[in-house]
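*Asks:* Input: one structure, supplied below.
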Amino acid sequence: MSGRVTPRHDSATKDLDIHITIEDPTRRGTLYGNSDHNLRLIRTAFDVKLSARDGTLHISGRSSAAKRAAQVFEELQSTLRNRADLPEDLVHDAIDRAKRNGVSPEGGAVEVFLSNTTISPRTDGQRQYMDAILESDLTFCLGPAGTGKTFLAVAVALSMLKSGKIKRIVLARPAVEAGEKLGYLPGDLQAKVNPYLRPIFDAMHDMMSYEQIKRFMQNDVIEVVPLAFMRGRTLNNAVIILDEAQNATISQMMMFLTRLGQRGKMIVTGDDSQSDLESDKTSGLIDAVTRLEPVTGVRVIRLDRADIVRHPLVQDIVAAYGKEK
């Protein structure tokens, strides 16, 4: 354990007091966060009482909550042995892991193009998803917003590109008219479809520099296209990703799936609870999963609310809307 942790039980109330010795008192400001921001995050997440005095952090609360809060501080102290700062996303990651009873997905980290950057699964479902991509030629991933479907697909693809296992990445998305007509949007065709492709670019920007993206796209190492542009192609030595696949029709899905070439992988992601298709059209994603799930070499991963890694409120929002179904 990081520092010295001294638990004190109150058997009558099942509360627990834990005293954590700060390893490096000169780093207390970093550990606690600007204006004690990290302390407030952890206090709120676990509903515990925190007090810091004389190089010791005191945690008190219900036994399980106090232990999980202590786990977070131990992990943060361990992190500070190897880096100078504690970005807020690392604090949230540690809190998420502690809330899952200390279960940290084993392995699964992949290297991307940004220096000293690896992408790791943050839930067990995400770990299964990344493993499925690496082990299978065709992976379907279904789940609500915020579960990392697109982000992790791009991460694994970039890792394979960096290691030389593939030669190119093709990312596609249906350009569905969700309440707006493409013809009314300004600009040429590329300008019209760019809003649909924006989430894919956002994922790439977290893993490689703008100059790398620009260079790879100019050389066709990375191609980001509307789904309709995939017709008639066969893609070898490539990872091909179809995002927002719930908005593909059955015929579009069949067209896309038959683009897979030799030494390639295909990843299809979408939220099967949402579709912008007209009410009389069946989602190609749902149809494909039904047809292909029994096929050898095909993996279907279903993520749920527990895998949401955006703002904590997103889980509650998904749950609230799910009650109507």
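The values are calculated or read from the model by the stated rules, or taken from the named source; none is laboratory data. It should be emphasised that the depicted structure is a prediction, and the values quoted were computed from it without experimental measurement. All Cβ positions, even for glycine, are placed from backbone atoms using ideal geometry, and neighbour counts span all protein chains on display.
*Asks:* So in the range 118-150, with the set limited to residues that are within 15 Å of the chain's Cα centre (by Cα) and hydroxyl-bearing (Ser, Thr, Tyr), which one is modelled with the highest pLDDT?
*Replies:* Among residues in the range 118-150 that are within 15 Å of the chain's Cα centre (by Cα) and hydroxyl-bearing (Ser, Thr, Tyr), the one modelled with the highest pLDDT is Tyr129.
*Asks:* So, one more: Within the range 264-296, can you find the residues that are modelled with pLDDT under 90 and either of a type in the set (Lys, Arg) or in contact with a strand residue (DSSP E or B) (Cβ under 7 Å, 6 or more places away or on another chain) (or both)?
*Replies:* Passing the criteria: Asp272, Lys281.
*Asks:* So, one more: Any residue at all in the range 46-61 that is touching a Phe, Trp or Tyr at 6+ places or on another chain (Cβ under 8 Å) and over 21 Å from Arg81 (Cβ atoms)?
*Replies:* Of the residues in the range 46-61, the ones touching a Phe, Trp or Tyr at 6+ places or on another chain (Cβ under 8 Å) are 52, 57, 59, 61.
Filter once more, so that each one left must be over 21 Å from Arg81 (Cβ atoms): 61.
Yes: one or more hits.
*Asks:* I'd like to check something: does the range 280-298 contain any residue that is within 21 Å of the chain's Cα centre (by Cα), at positive phi and in the same structural domain as Met204 (by TED's automatic domain parsing)?
*Replies:* no
*Asks:* Take the conditions touching a residue at least 24 places away in the same chain (Cβ under 8 Å), surrounded by 19 or more Cβ atoms within 10 Å (Cβ to Cβ) and closer than 25 Å to Leu158 by Cβ and apply them to Asp206. Does it pass?
*Replies:* Answer is no for this residue.
*Asks:* Another question, then. Mind listing just one residue for me: the one in the range 203-241 that is among the charged types (D, E, K, R) and under 23 Å from the mean Cα position of the chain (by Cα) and, of those, farthest from Phe256 (Cα to Cα)?
*Replies:* Restricting to residues being among the charged types (D, E, K, R) and under 23 Å from the mean Cα position of the chain (by Cα), the top hit is Asp206.
*Asks:* Would it be correct to say that Tyr196 is under 16 Å from Gly270 (Cβ atoms), hydroxyl-bearing (Ser, Thr, Tyr) and at pLDDT below 95?
*Replies:* yes
*Asks:* Tell me which residues, restricted to the range 22-72, are touching a helix residue (DSSP H, G or I) at 6+ places or on another chain (Cβ under 8 Å) and of a type in the set (Ser, Thr, Tyr).
*Replies:* Thr30, Tyr32, Ser60, listed by residue number.
*Asks:* Which residues, counting only those in the range 271-291, are surrounded by 16 or more Cβ atoms within 10 Å (Cβ to Cβ) and among the hydroxyl-bearing types (Ser, Thr, Tyr)?
*Replies:* Ser275, Ser283
*Asks:* With respect to Thr30, determine if the residue is assigned by TED's automatic domain parsing to the domain that holds Glu88, over 30 Å from the mean Cα position of the chain (by Cα), surrounded by fewer than 18 Cβ atoms within 10 Å (Cβ to Cβ) and β-branched (Val, Ile, Thr).
*Replies:* no
Quick grid of which residues meet (1) crowded, with 22+ Cβ neighbours inside 10 Å; (2) within 28 Å of Leu158 (Cβ to Cβ); (3) of a type in the set (S, T, N, Q):
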{"site": "Asp220", "(1), (2), (3)": "no, yes, no"}
{"site": "Phe229", "(1), (2), (3)": "no, yes, no"}
{"site": "Val239", "(1), (2), (3)": "yes, yes, no"}
{"site": "Glu244", "(1), (2), (3)": "yes, yes, no"}
{"site": "Ser251", "(1), (2), (3)": "no, no, yes"}
{"site": "Phe256", "(1), (2), (3)": "yes, yes, no"}
{"site": "Thr269", "(1), (2), (3)": "yes, yes, yes"}
{"site": "Pro294", "(1), (2), (3)": "no, no, no"}
{"site": "Arg305", "(1), (2), (3)": "no, yes, no"}
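*Asks:* A further question on this structure: (1) β-branched (Val, Ile, Thr); (2) in contact with a Gly (Cβ under 9 Å, 6 or more places away or on another chain); (3) modelled with pLDDT under 90: which one isn't true of Ile166, the others all being true?
*Replies:* Ile166 satisfies every listed condition except (3).
*Asks:* (1) at pLDDT 85 or above; (2) within 23 Å of the chain's Cα centre (by Cα); (3) aliphatic (A, V, I, L, M): which one isn't true of Val314, the others all being true?
*Replies:* (1)
*Asks:* Looking at His37 and the list (1) at pLDDT below 90; (2) outside any loop (DSSP other than H, G, I, E, B), which single condition is not satisfied?
*Replies:* It fails just one condition, (1).
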